[in-house]
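Engineer: Structure below; questions to follow.
The values are calculated or read from the model by the stated rules, or taken from the named source; none is laboratory data. Just so you know, these numbers come straight off a predicted model, no measurement behind them. Here the Cβ positions follow ideal geometry from the backbone for every residue, glycine too, while neighbour counts run over all protein chains shown.
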2 protein chains.
Amino acid sequence: MREITVDLGPRSYPIYIGSNLLYSSELYKKLAGSAELMVVTDSNVGNLYLGGVLDALSDFKVKSHVIPAGEVYKTLDSMNQIINSLLSNRYGRSSCLIALGGGVVGDLTGFTAACYQRGIRFLQLPTTLLAQVDSSVGGKTAVNHAMGKNMIGAFHQPGGVISDISVLQTLPEREFNSGLAEVIKYGLIRDQEFYEWLESNIDNLAVKKAGPLGYAIERSCLNKAAVVSKDEKETGLRAILNLGHTFGHAIETGLDYQLWLHGEAVGLGMLMAAHMSMLMGWIPGSTLDRIKSLIQRAGLPVYLPEQLRNVNLRELMSVDKKASHGRLQLILLKEIGDVVITADYDESVLQETIRFFTSLRT
Amino acid sequence: MREITVDLGPRSYPIYIGSNLLYSSELYKKLAGSAELMVVTDSNVGNLYLGGVLDALSDFKVKSHVIPAGEVYKTLDSMNQIINSLLSNRYGRSSCLIALGGGVVGDLTGFTAACYQRGIRFLQLPTTLLAQVDSSVGGKTAVNHAMGKNMIGAFHQPGGVISDISVLQTLPEREFNSGLAEVIKYGLIRDQEFYEWLESNIDNLAVKKAGPLGYAIERSCLNKAAVVSKDEKETGLRAILNLGHTFGHAIETGLDYQLWLHGEAVGLGMLMAAHMSMLMGWIPGSTLDRIKSLIQRAGLPVYLPEQLRNVNLRELMSVDKKASHGRLQLILLKEIGDVVITADYDESVLQETIRFFTSLRT
């Protein structure tokens, strides 16, 4: 088992990474910090793991709340229903929520924990690669609003994260690859050595070999933890974690959040950011080729879907919440392992990048 | 104009108290910290002051959102509607909300600011005495849930508070007196000198004389700020601000939040806490008499309403969120200006206190 600490002063917490951790009563005893627990999960993950987790928690007062699976349930209404369960069962301010699932469950449960009686403890048990390397770490919680994703949320750090890599074995391939996009991201934004390791090990990762997988998750979490420790509430540096996300959100919005997974959009978004960096003369074509190759080897798309060929992606980017004072900030590459957050680019280069991808045929 | 600072490190903010401040463009320029403002108010307060406030804000991009007046609108649904307005008007993460109204508007707007895009700035323009001395200071924000008041919320400090005492002239007498209950509370919990000043000046306050009124608000805010500075998130000391509130919430719940105002319930709740303290031998009967007299002179009720004569108040107290591990914590008096937070009391004394008030005839 690997252990990392996210260093946030009084809000510091551990991340445990390893095989067969989900049913470890010992870990729960160490992390619960409360006698009253409620496990929140979705119908898919619940069918697989809820029974075992509840068994492992039999020494506690424990209830569970199951939401239907799917991003459309990441809403204020779902939060309200969890709060119904909490109040009906008389859970007080010292109780603790446990998020068992992927990003939707983690974000919803974390936000509920942030708001219930003005904030209670919660733990993350991420069951997707994406959640293990990204959404479960760093305290960003949220629900969606009809007019925008993650528009209602809070920064609320978990009390601990348990990342069981065994559960990734049953994860569908597309979902797994979607998580790899965020893993690649950490290499690109701040860890050249890890990026090169990924180039050598991507095939082992793709077949989910336990050793390389544990290492990749640990290294990803270490990178994220280092960034979050320096800028918990995204006032500056933390924005580098959004590499590829501004392009990616435009893709997701254009597809109405259907068809493509988040990581797939982020993967192509990173490639678009790299392409734009190349057009600006910041990285050579050979670096762009390396990036395209790794994204492709991770099983991620490198072309826009047909549906977006006639959509104005530029317009969709400008409503992104990372837009500041009307001028869209982008995260661009100086080299592999080094990015800048900038609003100082030529609009025509951004337009050219979008034109290139919308005209590119598979 | 009086100025106080609530000292919370990077979250410190000023409170301005004085006459005719609501339309001061200067103050808004000093506090806005943003070019994009949205004023949230309710239909009652909006009719009186919204036009003037918007005029004073004419140098900014400014919109307004008016909710119907009343506690029943302090809900997630109202928050969702404000967020609709924000997104429709493309308000970004650097925008600022302005809460123009009493506690309902302040709590709802503050919570919306806490959650919108994971937290934006907001200002408080409290228009009731209760809001000026209590709810606008200290960063507690919340909405109600069908199963409990303030069950969904956040600690989110405002960027500043403007307390205009002129607006109190039009406040209905019962609402004004309800605010006096919280003013008296500050004397009881930690400021004996202020309590004695109140005994000498309660009649001037009751007729809203500007000088004494400004002083009483300032001193109340100073007391609250001192407590909040030491315990922002209510992990200990801050609970003393709940003197009378556990009894008071039971009264409010028993009345289904109809009939009595919050401050009226708190006023009687403080008297009940004092009575219990007397039964425990902590304060003499003469002190209890002084407290009863001041509450009465403030125009506040000192008897339970008829409707609660046959209601089990003890049962209603035990669901209060200040209950910890099944044992109800109470704030009790050692003397005027000194309270303790304790779960170490004889249950029979609590029962006797309740019996005394339920059998007491007006």
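Engineer: In the stretch A:230-258, how many are crowded, with 21+ Cβ neighbours inside 10 Å and among the acidic types (Asp, Glu)?
Structural biologist: So the answer is 1.
Engineer: Let me ask another. Sort through B:Arg238, B:Arg219 and tell me the only one that's basic (Lys, Arg), away from chain A (no Cβ under 14 Å) and in a helix (DSSP H, G or I).
Structural biologist: After applying the criteria, what remains is B:Arg219.
Engineer: Considering the stretch B:152-169 alone, what residues qualify as being surrounded by fewer than 20 Cβ atoms within 10 Å (Cβ to Cβ) and at the interface with chain A (Cβ under 7 Å from one of its Cβ atoms)?
Structural biologist: The initial filter retains those residues of the stretch B:152-169 that are surrounded by fewer than 20 Cβ atoms within 10 Å (Cβ to Cβ), namely B:155, B:166, B:169.
Scanning the stretch B:152-169 gives a single hit, B:Phe155.
Engineer: Next question, about the same structure. How many residues does the stretch B:96-119 contain that are in contact (Cβ under 8 Å) with a residue 40 or more places away in the chain and either among the aliphatic types (A, V, I, L, M) or touching a helix residue (DSSP H, G or I) at 6+ places or on another chain (Cβ under 7 Å) (or both)?
Structural biologist: 15
Engineer: Looking at the stretch B:34-71, which of the residues that are among the small types (Gly, Ala, Ser) and surrounded by 16 or more Cβ atoms within 10 Å (Cβ to Cβ) is farthest from B:Leu129 (Cα to Cα)?
Structural biologist: Filtering the stretch B:34-71 down to residues among the small types (Gly, Ala, Ser) leaves B:34-35, B:43, B:46, B:51-52, B:56, B:58, B:64, B:69-70.
Right, trim to surrounded by 16 or more Cβ atoms within 10 Å (Cβ to Cβ) and you get B:34, B:46, B:56, B:64, B:69.
On the way: B:Ser34: 28, B:Gly46: 17, B:Ala56: 23, B:Ser64: 23, B:Ala69: 17 Å.
Among those that are among the small types (Gly, Ala, Ser) and surrounded by 16 or more Cβ atoms within 10 Å (Cβ to Cβ), it is B:Ser34.
Engineer: While we're here: Filter the stretch A:21-33 down to the residues that are surrounded by fewer than 21 Cβ atoms within 10 Å (Cβ to Cβ) and among the hydroxyl-bearing types (Ser, Thr, Tyr) and list them by number.
Structural biologist: A:Tyr23, A:Ser24, A:Ser25
Engineer: Would you call B:Asp77 under 16 Å from B:Asp164 (Cβ atoms) and either among the hydroxyl-bearing types (Ser, Thr, Tyr) or not in a loop (DSSP other than H, G, I, E, B) (or both)?
Structural biologist: Against the criterion (under 16 Å from B:Asp164 (Cβ atoms) and either among the hydroxyl-bearing types (Ser, Thr, Tyr) or not in a loop (DSSP other than H, G, I, E, B) (or both)), B:Asp77 does not qualify.
Engineer: Could you please find all residues in the stretch B:162-194 being of a type in the set (Val, Ile, Thr) and over 22 Å from B:Leu243 (Cβ atoms)?
Structural biologist: Those that are of a type in the set (Val, Ile, Thr) and over 22 Å from B:Leu243 (Cβ atoms): B:Ile162, B:Ile165, B:Val167, B:Thr170.
Engineer: Residue by residue through the stretch B:245-284, note down the ones that are assigned to a loop (DSSP other than H, G, I, E, B), touching a helix residue (DSSP H, G or I) at 6+ places or on another chain (Cβ under 7 Å) and among the aromatic types (Phe, Trp, Tyr).
Structural biologist: The answer is B:Tyr257, B:Trp260.
Engineer: Looking only at residues that are among the aliphatic types (A, V, I, L, M) and crowded, with 19+ Cβ neighbours inside 10 Å in the stretch A:1-20, which one is nearest to A:His156 (Cα to Cα)?
Structural biologist: Restricting attention to the stretch A:1-20, the residues satisfying the condition of being among the aliphatic types (A, V, I, L, M) are A:1, A:4, A:6, A:8, A:15, A:17.
Retained after the next criterion (residues that are crowded, with 19+ Cβ neighbours inside 10 Å): A:4, A:6, A:15, A:17.
Working: A:Ile4: 18, A:Val6: 13, A:Ile15: 16, A:Ile17: 21 Å.
Checking each candidate, the answer is A:Val6.
Engineer: Working carefully through the options A:Met278, A:Met270, find the one that is touching a Gly at 6+ places or on another chain (Cβ under 9 Å), surrounded by fewer than 24 Cβ atoms within 10 Å (Cβ to Cβ) and under 17 Å from A:Val339 (Cβ atoms).
Structural biologist: Working: A:Met270 fails: surrounded by fewer than 24 Cβ atoms within 10 Å (Cβ to Cβ).
Among A:Met278, A:Met270, only A:Met278 is touching a Gly at 6+ places or on another chain (Cβ under 9 Å), surrounded by fewer than 24 Cβ atoms within 10 Å (Cβ to Cβ) and under 17 Å from A:Val339 (Cβ atoms).
Engineer: Check the stretch A:93-103 and report whether any residue there is farther than 30 Å from B:Gly236 by Cα, crowded, with 18+ Cβ neighbours inside 10 Å and within 14 Å of another protein chain (Cβ to nearest Cβ).
Structural biologist: Checking the stretch A:93-103: not a single residue is farther than 30 Å from B:Gly236 by Cα, crowded, with 18+ Cβ neighbours inside 10 Å and within 14 Å of another protein chain (Cβ to nearest Cβ).
Engineer: Further, regarding this structure: Mind checking which residues of the stretch A:222-235 are in contact with a Lys or Arg (Cβ under 7 Å, 6 or more places away or on another chain) and either closer than 20 Å to A:Ala298 by Cα or away from chain B (no Cβ under 14 Å) (or both)?
Structural biologist: Those that are in contact with a Lys or Arg (Cβ under 7 Å, 6 or more places away or on another chain) and either closer than 20 Å to A:Ala298 by Cα or away from chain B (no Cβ under 14 Å) (or both): A:Asn223, A:Val227.
Engineer: For A:Gly119, indicate whether it is within 27 Å of A:Ser12 (Cβ to Cβ), within 11 Å of chain B (Cβ to nearest Cβ), in a loop (DSSP other than H, G, I, E, B) and touching a Lys or Arg at 6+ places or on another chain (Cβ under 8 Å).
Structural biologist: yes
Engineer: Then there is this: Report yes if A:Ser88 is touching a residue at least 24 places away in the same chain (Cβ under 8 Å) and within 14 Å of chain B (Cβ to nearest Cβ), otherwise no.
Structural biologist: Against the criterion (touching a residue at least 24 places away in the same chain (Cβ under 8 Å) and within 14 Å of chain B (Cβ to nearest Cβ)), A:Ser88 does not qualify.
Conditions (1) assigned by TED's automatic domain parsing to the domain that holds A:Asn20; (2) under 30 Å from A:Pro10 (Cβ atoms); (3) not β-branched (Val, Ile, Thr), marked per residue:
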{"residue": "A:Ile165", "(1), (2), (3)": "yes, yes, no"}
{"residue": "A:Val183", "(1), (2), (3)": "no, yes, no"}
{"residue": "A:Leu188", "(1), (2), (3)": "no, no, yes"}
{"residue": "A:Ser200", "(1), (2), (3)": "no, no, yes"}
{"residue": "A:Asn223", "(1), (2), (3)": "no, yes, yes"}
{"residue": "A:Leu237", "(1), (2), (3)": "no, yes, yes"}
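Engineer: Among all residue pairs at least 6 apart or on different chains, which show Cβ distances below 6 Å where the first residue, located in the stretch A:335-362, is farther than 15 Å from A:Met317 by Cα and the second is part of a strand (DSSP E or B) and β-branched (Val, Ile, Thr)?
Structural biologist: A:Val339/A:Ile331; A:Ile341/A:Ile331
Engineer: Checking the condition at pLDDT 95 or above, within 14 Å of chain B (Cβ to nearest Cβ) and surrounded by 23 or more Cβ atoms within 10 Å (Cβ to Cβ), which residue from A:Thr128, A:Thr141 passes?
Structural biologist: After ruling out the rest, the residue left standing is A:Thr141.
Engineer: Taking the options A:Leu328, A:Leu333, name whichever one is at pLDDT 95 or above and either closer than 17 Å to A:Ala265 by Cα or in the same structural domain as A:Arg190 (by TED's automatic domain parsing) (or both). Walk me through it before giving the result.
Structural biologist: Working: A:Leu328 fails: at pLDDT 95 or above.
Going through A:Leu328, A:Leu333 in turn, just one is at pLDDT 95 or above and either closer than 17 Å to A:Ala265 by Cα or in the same structural domain as A:Arg190 (by TED's automatic domain parsing) (or both): A:Leu333.
Engineer: Right, here's the next one. For the list (1) more than 20 Å from the chain's Cα centre (by Cα); (2) touching a residue at least 12 places away in the same chain (Cβ under 8 Å), I need the number of the one condition that A:Asn47 fails.
Structural biologist: (2)
Engineer: Let me ask you something else. Suppose we filter B:Arg309, B:Arg290 for residues that are among the basic types (Lys, Arg) and modelled with pLDDT under 95; which single one remains?
Structural biologist: That would be B:Arg309, the only listed residue that is among the basic types (Lys, Arg) and modelled with pLDDT under 95.
Engineer: If you go through the stretch B:84-142 one residue at a time, how many are touching a Cys at 6+ places or on another chain (Cβ under 7 Å) and of a type in the set (Val, Ile, Thr)? Please lay out each step first, then the result.
Structural biologist: Just the residues of the stretch B:84-142 that are touching a Cys at 6+ places or on another chain (Cβ under 7 Å), to begin with: B:120-123, B:133, B:137.
So of that shortlist, the ones also of a type in the set (Val, Ile, Thr) come out as B:120, B:133, B:137.
Qualifying residue count, the stretch B:84-142: 3.
Engineer: Quick one: which of A:Val137, A:Val105, A:Val143, A:Val161 is β-branched (Val, Ile, Thr), part of a loop (DSSP other than H, G, I, E, B) and under 17 Å from the mean Cα position of the chain (by Cα)?
Structural biologist: None of the other options fit; the residue is A:Val137.
Engineer: Any chance the stretch B:60-76 includes a residue that's modelled with pLDDT of 95 or more and within 11 Å of chain A (Cβ to nearest Cβ)?
Structural biologist: yes
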